[in-house]
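K.L.:
Sharing a structure here in structure tokens format.
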Amino acid sequence: MRRKGVNYSKYGYIFTLPFVLAFLIFSLYPILYTAVIGFTDMKGLIPKPIHILDNPFQNFKDLLFDNPSFRKSLINTGLLWITNFIPQIVLALLLTAWFTNRRLNIKGQGAFKVLLYMPNIITASTIAVLFSSLFAYPMGPVNSLFQMLGWSDAPIYFLQDKTTARGIVSFIQFWMWYGNTMIVLVAGVMGINPALFESAAIDGANAFQTFFRITLPSLRTILLYTLITSMIGGLTMFDIPQLFLAGGPDDSTLTTSMFIYGQAFKGSYMYNRAAAASMIMFIIAAVLSGILFYLMRDRDAAKLRKAQKNIYKSEKAAKAAAREV
């Protein structure tokens, strides 16, 4: 007699069901609802019947062409992300090369990694209070240091200068996240086949050549993940600019997430405009992600697939010609 097999696949579906339900209710539905109300006249604290606008894209047009505050928040978001991510990825790569160099064999790596990752654990509100105290006016540690060293004769109101405010916010973001980026990159290096490094050492490659010829190319997927997650995090930056300076001075640290929050939950409660701004940011994130995927693609693998496709077409054409003969 044949024994009846046990199908365990159903248990997989059962175990994933809670996540699927949570995703449908708390993620997919809000995204679709946000997309819909971006084309409506929904606003006001008291619920009213909503209607699709005569020109469904009117909210998007108003934001892009008639709202200087939104355009300024877009520029601020891009500047803050670029100025904190470039030094972040450079320092993370340098630390990764340092920690994973087999010739250096650094002692106490675990302690160093914990200390470098520590800022990522501290809450944003704590960091905002810390830097507000450091740059306080007129009595603050930074002002006291400047006067003690003779760099200034009078207290400086650092947080009233637009460039300084942006620089501090960018530095905070860099300081909070470079440790996280380093840990991800170190984990990626740990996954590279050690035989590659051993072969490079036997061939006489130095540390510089090994890093740029073996480590970086092998980290393409990890770097893509880091770029995508950092880009999305930069586009949705909210906590530090909001808690530290509330978008000031003169909206110089106003980000798109803060603009969306202000439109939806302050003043006239313009949910339609906030939803339209959210969808614009979603489209920007999707386009930038697509560009990053294209730029970081494996060109050798793409060429190989193209060559295989051409060979297949040639073989198919040859077989067709042979049948006709």
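The values are calculated or read from the model by the stated rules, or taken from the named source; none is laboratory data. On a predicted model such as this, the values are computed, not experimentally measured, just so you know. Every residue, glycine as well, gets a Cβ built from its backbone with ideal geometry; the counts of neighbours run over all protein chains shown. For accessibility, only protein heavy atoms count, side chains too; no ligands or nucleic acids. Shrake-Rupley method; radii C 1.70, N 1.55, O 1.52, S 1.80 Å.
K.L.:
Tell me, what is the FRET efficiency for Ile291 and Gln58 to the nearest 0.05, using R0 = 41 angstrom and their Cβ-Cβ distance as r?
P.N.:
0.90
K.L.:
Find how much the distance from Phe171 to Asp153 grows on full extension, using 0.36 nm per residue of separation minus their present alpha carbon separation; answer in nm with one decimal.
P.N.:
Details: separation 18, 0.36 × 18 = 6.48 nm, distance 2.56 nm.
Length gained between Phe171 and Asp153: 3.9 nm.
K.L.:
Could I ask something else about it? Which order do Phe23, Phe39, Phe60 take by accessible area at a 1.4 Å probe, largest first? Show your work: numbers first, answer last.
P.N.:
Details: Phe23 90, Phe39 60, Phe60 30 Å².
My answer, sorted largest first, is Phe23, Phe39, Phe60.
K.L.:
Over the chain, with the other protein chains present, what is the accessible area per residue in square angstrom, probe 1.4 angstrom?
P.N.:
Working: 20850 Å² over 325 residues.
Heavy-atom SASA per residue in the chain reads 64 Å².
K.L.:
Tell me the accessible surface of Arg273 in square angstrom (1.4 angstrom probe, heavy atoms of protein chains only), to the nearest ten.
P.N.:
Its heavy atoms expose roughly 60 Å² to the probe.
K.L.:
Now, a different point. Mind checking the alpha-carbon convex hull of the range 245-325 and giving the volume per residue in Å³? Don't skip to the answer; put the middle values down first.
P.N.:
On the way: hull volume 11.2 nm³, N = 81.
Cα-based convex hull of the range 245-325, divided per residue, equals 138 Å³.
K.L.:
If you don't mind, another one. With unit charges on the beta carbons (Lys and Arg positive, Asp and Glu negative) and the dipole taken about the Cα centre of the chain, which residue among Pro56, Ile222, Gly179 sits farthest to the positive side?
P.N.:
Result: Ile222, furthest along the dipole toward the positive end.
K.L.:
If you don't mind, there's one more thing I want to ask. Arrange the residues Lys113, Lys319 by how much accessible surface each exposes, largest first, with a 1.4 angstrom probe. Working shown, then result.
P.N.:
Working: Lys113 50, Lys319 130 Å².
Reading off the accessible areas and sorting them downward yields Lys319, Lys113.
K.L.:
Given charges of +1 on the Cβ of Lys and Arg and -1 on the Cβ of Asp and Glu, with all other atoms neutral, how large is the dipole of the range 44-201 about its Cα centre, in debye to the nearest 20? Working shown, then result.
P.N.:
Values: 10 positive and 6 negative charges, 67 e Å.
That gives the range 44-201 a dipole magnitude of about 320 debye.
K.L.:
A further question on this structure: Using alpha carbons only, how many angstrom separate the centre of the range 262-325 from the centre of the range 141-215?
P.N.:
32
K.L.:
On the protein heavy atoms, probe 1.4 angstrom, tell me the percent of accessible surface of the chain carried by carbon and sulfur. Let's see the in-between values first.
P.N.:
Numbers: 14010 of 20850 Å².
The value for the chain is 67 percent carbon and sulfur by accessible area.
K.L.:
With 16 Å as the cut-off, how large is the P(r) tail for the range 37-113, expressed as percent of Cα-Cα pairs?
P.N.:
Numbers: 2098 of 2926 pairs.
Considering the range 37-113, 72 percent of its Cα-Cα pairs are separated by more than 16 Å.
K.L.:
Here is a further query. For the range 223-291, what does the alpha-carbon gyration tensor say about shape, rounded, prolate or oblate, given a ≥ b ≥ c as the root eigenvalues, a/c under 1.5 as rounded, and a/b over b/c as prolate?
P.N.:
Values: a/c = 2.97, a/b = 1.42, b/c = 2.09.
Cα axes put the range 223-291 in the oblate bin.
K.L.:
Now for a different question. Evaluated at 10 °C with a viscosity of 1.306 mPa s, what Stokes-Einstein diffusion coefficient in µm²/s does the range 1-150 have when Rh comes from the Kirkwood expression over alpha-carbon pairs? Before the final figure, lay out the partial values.
P.N.:
Values: Rh = 23.1 Å.
For the chosen part, D equals 69 µm²/s.
K.L.:
Follow-up question, since we're still on this one. Take the Cα coordinates of the chain, assign each an equal point scatterer, and use the Debye formula without solvent to give log10 I(q)/I(0) at q = 0.12 Å⁻¹.
P.N.:
So the normalised log intensities work out to -1.08.
K.L.:
For Leu80, Leu292, write out the residues from largest to smallest accessible area, computed with a 1.4 angstrom probe and no ligands counted. If you can, show how the numbers build up before the last one.
P.N.:
Details: Leu80 0, Leu292 35 Å².
Ranked from most to least accessible, the order is Leu292, Leu80.
K.L.:
Also, quick follow-up: Extension gain Glu315-Thr221, at 0.36 nm per residue separation less the Cα-Cα distance, in nm? It would help to have the intermediate numbers written out before the result.
P.N.:
On the way: separation 94, 0.36 × 94 = 33.84 nm, distance 3.35 nm.
Value of the extension gain: 30.5 nm.
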